[in-house]
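The values are calculated or read from the model by the stated rules, or taken from the named source; none is laboratory data. Just so you know, these numbers come straight off a predicted model, no measurement behind them. A quick note on method: Cβ atoms are made from the backbone with ideal geometry, for glycine too, and the neighbour counts reach across all protein chains shown. For accessibility, only protein heavy atoms count, side chains too; no ligands or nucleic acids. Shrake-Rupley method; radii C 1.70, N 1.55, O 1.52, S 1.80 Å.
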Amino acid sequence: MTLHIGSIAPDFTQDSTEGPISLHQHLGTSWGILFSHPKDFTPVCTTELGRASQLKEEFAKRNVKLLAVSVDDVESHHRWAGDIEETQGTKLNFPLLGDPDRKVAKLYDMIHPEANDTLTVRSVFVIDPSKKIRALFTYPASTGRNFEEILRLVDSLQLTDSHKVATPADWKDGGDVVIVPALQDPKELAERFPKGFRAVKPYLRLTPQPNR
Ligand code: BEZ
């Protein structure tokens, strides 16, 4: 099954470093970031799990639960967690799914055979509280992901869900946003954007972030 933006995130039950997890039940009313790692005891993954652990509170402030998966078993994950704590200055503080049967990897198409037959690539799925996939991206094993960028992506999704705006290139929380082109009614524009807006082009209208 090909997963797209808007697909329902496939549910599964799999063992983790914090016990068995059923995805939908585990997420409950939270957002989720499900992200894959090629293998335990690998250098880039070690830094990624450390960085994600350091940012756990930032994700929690946005009502986001982190959930990682690596193809090895949970016993191996527990041993690896010791190295993560030793080298990254933080405990692994969210569940890491074991996936020796590749159940999760297969459901989410995390193995790209042209890259490697058995190991997963670095996939990221952003899942909203209705269990819809809202964003997904994939990096090769050789490139560690930027977890600040994942936070920025969540900020954009949450902002644009509740205001008729979109976020421009390199936007960061607090920066100016663009008004969606479909919004043309002058009365609604005035109500929604009391601080006003600047029309650089009729289709490019910038306004201060409305929830600030
Ligand atoms: C790593 O996490 O460092 C890694 C994993 C698989 C292939 C290359 C690098």
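On a 1.4 Å probe surface of the protein chains, which of Lys61, Lys164, Lys195 comes out largest in accessible area, and what is the full order?
Numbers: Lys61 150, Lys164 80, Lys195 125 Å².
Sorted descending by solvent-accessible area, the residues read Lys61, Lys195, Lys164.
How do Ser36, Ser156, Ser130 stack up against each other in accessible area, from largest to smallest, with a 1.4 angstrom probe?
Values: Ser36 0, Ser156 20, Ser130 70 Å².
Result, largest first: Ser130, Ser156, Ser36.
Scan the chain and hand back the longest stretch that contains none of the chymotrypsin sites (Phe, Trp or Tyr not before Pro) lying in DSSP loops with at most 14 other Cβ atoms within 10 Å. Write out the running numbers ahead of the final one.
On the way: sites that count: Phe41, Tyr203.
So the longest stretch without any such site is 42-202.
Carbon and sulfur: what percent of region 77-212's accessible surface (1.4 Å probe)? Don't jump to the answer; show the numbers that get you there.
Working: 3880 of 7350 Å².
The nonpolar share, carbon plus sulfur, comes to 53 percent.
Averaged over every viewing direction, what's the projected area of the C-alpha convex hull for the chain? Give it in nm², one decimal, please. Intermediate results must be reported in sequence, preceding the final value.
Numbers: hull surface 52.0 nm².
Over every viewing direction, the Cα hull of the chain projects on average to 13.0 nm².
Along each principal axis of its Cα atoms, how long is region 85-196 end to end? Whole angstroms, biggest number first, please.
Here the spans come out as 57, 33, 25 Å, largest first.
Just to confirm, what accessible area per residue do you get for region 89-212 at 1.4 Å probe, in whole Å²? Intermediate results must be reported in sequence, preceding the final value.
Numbers: 6620 Å² over 124 residues.
Spelled out: the 1.4 Å probe surface of region 89-212, per residue, equals 53 Å².
Label point 7 Å out from Arg192 along Cα-to-Cβ: which residues of region 139-160 have amide N under 12 Å?
Counting backbone N atoms under 12 Å from the label point, the list is 160.
Subtract the Cα-Cα distance of Ile5 and Glu85 from 0.36 nm times their separation in residues, and report this length gain in nm to one decimal.
On the way: separation 80, 0.36 × 80 = 28.80 nm, distance 3.42 nm.
Result: 25.4 nm gained on full extension.
Using the alpha-carbon centroid of each, what span in Å lies between region 9-46 and region 87-111?
Here the answer is 5 Å between Cα centres.
For every helix of n ≥ 4 consecutive DSSP H residues, a contribution of -39,500 (n - 2.57) applies; sum these over the chain, divide by its total residues, and give [θ] at 222 nm rounded to the nearest 500 deg cm²/dmol. Write down the numbers at each step before the final one.
Working: 7 runs with 66 residues, N = 212.
One gets -9000 deg cm²/dmol as the mean residue ellipticity at 222 nm.
Only four residue types carry charge here, +1 at the Cβ of Lys and Arg and -1 at the Cβ of Asp and Glu. Report the dipole size of the chain about the Cα centre in Debye, rounded to the nearest 20. Don't jump to the answer; show the numbers that get you there.
Working: 26 positive and 29 negative charges, 229 e Å.
I would put it at about 1100 debye.
Which value, in Å to one decimal place, does the Kirkwood hydrodynamic radius take for region 25-102 when every pair of different Cα atoms is included?
Values: mean 1/r = 0.0789 Å⁻¹.
12.7 Å is the Kirkwood radius here.
Check cross-link reach from Lys39 to the lysines: straight Cα distance under 23 Å, and skip same-chain residues fewer than eight apart.
Within the straight-line limit of under 23 Å, Lys39 reaches these lysines: Lys56, Lys65, Lys91, Lys103, Lys106.
Tell me, what ³J(HN,Hα) does each residue in region 195-212 have, in order and in whole Hz, if you take phi through Karplus 6.51 cos²θ - 1.76 cosθ + 1.60 with θ = phi - 60° and put x for Gly and Pro?
Going residue by residue, I get 7, x, 8, 10, 8, 6, 9, x, 9, 10, 10, 9, 8, x, 4, x, 9, 10 Hz, with x marking Gly and Pro.
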